Amino acid sequence: MNRANRIIFFVVLILGIALFIPWGKKTKLDLTFKHQATVFFQNDAEQNYATFKVEVADTEEKQTQGLMHRTAMKADQGMLFIMEEEEIHSFWMDETYLSLDVVFIDTNKEVVFIAKGTEPKSQEPIRSLSPSQYVLEIMAGTADQVGIKVGDQVSWEFITE
């Protein structure tokens, strides 16, 4: 190989390697809890019996991220997913390290299904048996501890800054 060919070879090699180097700043996930709304569960007497401070996932990006990569959450915290339409929604636990209770809520803000104690990092779909428009994710075991059941009414208030 003559000198010109060696120079061309090394230039091509360096450019090829440069294509695989992640240039630019990597975005670090912000996993700090943000209290954006408060969710209330009411019993038949319309009295609040459980309250949760929640983050709100109301965009496709936030819904895709969900609680992924979180390693801890308090028992009175959660995430409220606000979907565009009432339908059978499906969730999975890929990259979610916490076991959760997933509470499905219909457009009338009534609990229609609870998936209890989900398996962390599972790719098995979690879906309601009935259409829902809202989904609340809380720590596994919390639904039983506070007595959340199908048919309960739910309301929420957004935190204004």
What number goes with the only condition from (1) in a loop (DSSP other than H, G, I, E, B); (2) of a type in the set (V, I, T); (3) in contact with a Leu (Cβ under 6 Å, 6 or more places away or on another chain) that V103 does not pass? (1)
Condition check: in contact with a Leu (Cβ under 7 Å, 6 or more places away or on another chain) and at pLDDT 95 or above. Does M73 satisfy that? yes
Six or more apart or on different chains, Cβ under 7 Å: which pairs go from a residue in segment 35-61 that's aromatic (F, W, Y) to one that's part of a loop (DSSP other than H, G, I, E, B)? Could you list them? F41/I148; F41/D152; Y49/N43; Y49/G147; F52/D76
Can you tell me which residue within segment 39-59, out of those that are over 19 Å from N108 (Cα atoms) and β-branched (V, I, T), is surrounded by the most Cβ atoms within 10 Å (Cβ to Cβ)? V54
If I go through segment 76-92 residue by residue, how many of them are among the hydrophobic types (A, V, I, L, M, F, W, C), part of a loop (DSSP other than H, G, I, E, B) and modelled with pLDDT of 95 or more? 1
So which residues in segment 52-72 are over 8 Å from the mean Cα position of the chain (by Cα) and within 28 Å of Q42 (Cβ to Cβ), if there are any at all? F52, K53, V54, E55, V56, D58, T59, R70
Quick one: count up the residues across segment 123-161 that are part of a loop (DSSP other than H, G, I, E, B) and open to solvent by 20 Å² or more (accessible area, probe 1.4 Å). 15
Please go through (1) surrounded by fewer than 19 Cβ atoms within 10 Å (Cβ to Cβ); (2) outside any loop (DSSP other than H, G, I, E, B) for N108 and return the number of the only condition it doesn't satisfy. (2)
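The values are calculated or read from the model by the stated rules, or taken from the named source; none is laboratory data. Since we're looking at a predicted model, the values are computed, not measured. Virtual Cβ from ideal backbone geometry, glycine too; neighbours counted across all protein chains shown. Side chains are part of the model used for accessible areas, which takes the heavy atoms of the whole protein and leaves out ligands, DNA and RNA. Shrake-Rupley method; radii C 1.70, N 1.55, O 1.52, S 1.80 Å.
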